[in-house]
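One structure is given here, and the rest of the page talks about it.
The values are calculated or read from the model by the stated rules, or taken from the named source; none is laboratory data. Everything numeric here is computed off the predicted structure, so don't read it as measured data. Because the Cβ atoms are built from the backbone with ideal geometry, glycine has one as well, and the counts that use them run over all protein chains shown. These area figures cover heavy atoms from the full protein model, side chains too; ligands, DNA and RNA do not enter into them. Shrake-Rupley method; radii C 1.70, N 1.55, O 1.52, S 1.80 Å.
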Amino acid sequence: MTITALPEIPAGTDDLSIWPASTTRLPHGGLAVGGVSLAEIAERFDTPAYVVDEGEVRERCRTYRAAFPDSPVLYAAKAFLSRAMVRWIRKEGLGLDVCSAGELELAVTAGFPPERIVLHGNAKSPRDIETALRLGVGRIVIDSPAEIARIAASVGPRGHQKVMVRVVPGVSAGGHDKIRTGTEGQKFGLSLTDGGAQHAIAKILGQPQLELTGLHCHIGSQITEVKPYVVALRRMVGLMARVRDAHGIVLPELDMGGGHGIAYRPGEPALDLTALARKLRTELAESCAAARLAVPRLAIEPGRAIAGPAGVALYRVLAVKHTGEKVFVAVDGGMSDNPRPALYGVRYAPRLVGRHSTAGVRTATVVGRHCEAGDVLAADVELPADIHPGDLLAVPVAGAYQLSMASGYNLVGRPPVIAVHEATARLLVRRETLDDFRSRDVGD
Ligand code: LLP
């Protein structure tokens with residue numbers, strides 16, 4: 001599908017600020033992303049469908065590289081992973097953060113250099129560790145004391161593995177309770193205050209086949225302020241100085257994790273990447289100077305901010321129901337392809353595409369097709385008053401933690417992923433079908 005000329009019509013009141021930069025308006029209410037009409041994608045690939053703008057992903061990678069020229073930028077694969085994504089991330093010179101043998105193996109078999117991969121996980125399975133060692137990952141981030149002996153034993157007496165330690169810096173940040181990981185009382189990391197981190201560090205230093213390259217922290221996700229990162233960094237440098245004092249070693253690396261917040265609706269705040277880079281650099285230089293510590297190499301791990309704004313979800317309206325004061329617009333996807341509103345109360349901004357409406361707007365609630373009342377995709381949003389079955393709805397900022405968290409609920413099947421780039425659409429991941437479910441169901 002190729003559209004050669006995209007006649008743009010003047011901007012109306014509608015706001016495309018959170019859409020991929022390539023988004024253009026087409027006549028009759030159409031929208032194109034990456035030069036491809038969304039309505040044509042829906043026709044060709046059916047709905048629900050996820051569209052990912054390759055140019056947007058790659059541009060975001062470049063923005064990170066420009067803001068952090070001396071730091072490894074590791075894309076957090078949990079936000080969204082496919083073989084094409086692996087290739088884009090590799091070509092843009094980023095590293096990868098993975099948290100399972102599955103993510104790791106997909107990346108390496110798609111050609112990603114294992115030494116640029118970091119393995120995370122609060123509960124790494126024997127298979128995770130075996131796969132990491134077999135494929136030769138760059139770093140394993142230790143998240144609990146029990147892992148140390150297990151990894152050392154798997155590495156063997158003549159082996160060698162670089163590791164880091166995940167520390168809880170005691171900073172609370174993040175868009176929702178479920179994604180705040182910087183303080184105690186949640187499952188990740190080793191405590192800075194109760195001696196847990198120091199104890200683990202001493203234990204690792206006692207294992208000759210493990211090389212401790214540095215410390216790691218990830219304070220939370222969907223963070224829109226720079227301040228918590230600065231506070232966390234200061235505390236991490238403090239710990240690095242204490243490690244130097246206690247053991248006489250200077251750790252060369254400091255990984256500050258990800259969590260960089262984005263806008264899901266026009267006008268919402270996003271983390272200012274340039275300010276983050278500037279303040280982290282300054283704070284690192286100053287706290288290291290104060291502690292007379294050599295400045296470690298800073299690494300970061302953004303996931304959402306790379307994949308999120310590059311994705312668009314496309315749904316077909318199946319039913320419109322007027323119930324008392326409320327209007328429910330039911331679509332052909334829902335919580336099985338996007339559990340985020342149900343899990344974190346996230347608000348999205350769906351939009352009618354492919355038809356121009358003159359009917360004015362009214363408040364409606366976009367719901368999914370799943371068998372529970374909590375299957376709401378977007379509560380109380382403005383949509384054309386004449387919205388009807390057959391209409392196409394597009395939800396921007398759908399590229400992170402939607403498909404990667406998708407489920408098989410109600411055997412609806414996970415939607416396909418279609419890449420758009422330079423006016424061409426191509427299938428990256430096909431739709432999940434009944435045959436997929438049937439082939440896994442091997443008993444009777
Ligand atoms: N590094 C580590 C160790 C992480 O655990 C995460 C995310 C990241 C980096 C990337 O964070 P990001 O830049 O994408 O915020 N499912 C939730 C988000 C969970 C984040 C888990 N860890 C959501 O849909 O909002």
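As I understand it, the value is the acute angle between the Cα axis of helix 227-247 and the longest principal axis of the Cα atoms of the chain; what does it come to in degrees, rounded to 10?
20
Any idea which of Asn122, Gly182, Ile142 is furthest toward the positive side of the dipole for the range 96-228, if Lys and Arg beta-carbons carry +1 and Asp and Glu beta-carbons -1?
Result: Ile142, furthest along the dipole toward the positive end.
Any idea which of Val226, Leu276, Gly156 is furthest toward the positive side of the dipole for the range 54-307, if Lys and Arg beta-carbons carry +1 and Asp and Glu beta-carbons -1?
So the residue furthest toward the plus end is Gly156.
Principal axes first, then extents: for the Cα atoms of the range 54-307, list largest minus smallest coordinate on each axis, whole Å, largest first.
Principal extents (Cα only, largest first): 52, 43, 32 Å.
With just the Cα atoms of the range 154-294, tell me how far they stretch along each of the three principal axes, in Å, largest first.
That works out to 55, 34, 27 Å along the principal axes.
With n ≥ 4 as the cut-off for DSSP H runs, can you work out [θ] at 222 nm for the chain, using -39500 (n - 2.57) per run divided by the number of residues, rounded to the nearest 500?
For the chain, the value works out to -8500 deg cm²/dmol.
Provide the solvent-accessible area of Tyr50, counting protein heavy atoms only and rolling a 1.4 Å probe, rounded to the nearest 10 Å².
Using a 1.4 Å probe on the heavy atoms, I get roughly 10 Å².
Suppose a student asked you for the relative contact order of the range 87-190, using Cα pairs under 8 Å spaced at least 6 residues apart; what percent would you report?
Relative contact order of the range 87-190: 21 percent.
Between Ser82, Ile418, Cys99, whose Cα lies farthest towards the positive end of the dipole of the chain when Lys and Arg beta carbons carry +1 and Asp and Glu beta carbons carry -1, centred on the Cα centre?
Cys99
Among the aspartates and glutamates, which have Cα under 16 Å from the Cα of Lys78 when same-chain residues fewer than 8 positions away are ignored?
Answer for Lys78, where 16 Å is the Cα cut-off: Asp97, Glu103, Glu105, Asp128, Glu301, Asp337, listed by chain and number.
Could you grab the relative contact order for the range 54-307? Cα pairs under 8 Å, six or more apart, rounded to a whole percent.
Over the range 54-307, the number comes to 20 percent.
Using a 1.4 angstrom probe on heavy atoms only, work out the carbon and sulfur share of the accessible area of the range 62-135 in %.
Here it works out to 52 percent.
What are the equivalent ellipsoid semi-axes of the range 65-198, built from the alpha-carbon gyration tensor (square roots of five times its eigenvalues), in whole angstrom, biggest first?
Values for the range 65-198, descending: 24, 21, 13 Å.
So what's the net charge close to Pro416: Lys and Arg +1, Asp and Glu -1, counting the other residues with Cβ under 15 Å from its Cβ?
Working: positive: Arg44, Arg83, Arg316, Arg414, Arg426, Arg430, Arg431; negative: Glu40, Glu43, Asp46, Asp332, Asp337, Glu432, Asp435, Asp436.
Counting the neighbours of Pro416, the net charge comes to -1.
On the principal axes of its Cα set, how long, how wide and how thick is the range 227-385? Give whole Å, largest value first.
69, 32, 25
Rg (Å, one decimal) plus Dmax (Å, integer) for the alpha carbons of the range 25-137?
Cα only, the range 25-137: 17.2, 56 Å (Rg, Dmax).
Which net charge results for the neighbourhood of Thr433, defined as the other residues with beta-carbon distances under 14 angstrom from its beta-carbon, given Lys and Arg at +1 and Asp and Glu at -1?
Residues near Thr433 contribute 0 overall.
Would you mind telling me the share, in percent, of accessible area of the range 203-310 contributed by carbon and sulfur at probe 1.4 angstrom?
Answer for the range 203-310 is 53 percent, counting heavy atoms of protein chains only.
In degrees from 0 to 90, rounded to the nearest 10, what is the angle of the helix 54-67 Cα long axis to the longest principal axis of the chain?
Taking the Cα atoms of the chain, the angle to 54-67 is about 40 degrees.
For the pairs Lys91/Lys227; Lys91/Lys279; Lys162/Lys203; Lys178/Lys279; Lys124/Lys203, note any where the Cα-Cα span goes beyond 22 Å. All intermediate terms of the calculation are to be shown ahead of the outcome.
Details: Lys91/Lys227 32 Å; Lys91/Lys279 28 Å; Lys162/Lys203 14 Å; Lys178/Lys279 27 Å; Lys124/Lys203 18 Å.
Table pairs above 22 Å Cα-Cα are Lys91/Lys227; Lys91/Lys279; Lys178/Lys279.
Expressed in nm², what is the orientationally averaged projection area of the convex hull enclosing the Cα positions of the chain? Intermediate results must be reported in sequence, preceding the final value.
On the way: hull surface 93.1 nm².
For the Cα atoms of the chain, the hull's average projected area reads 23.3 nm².
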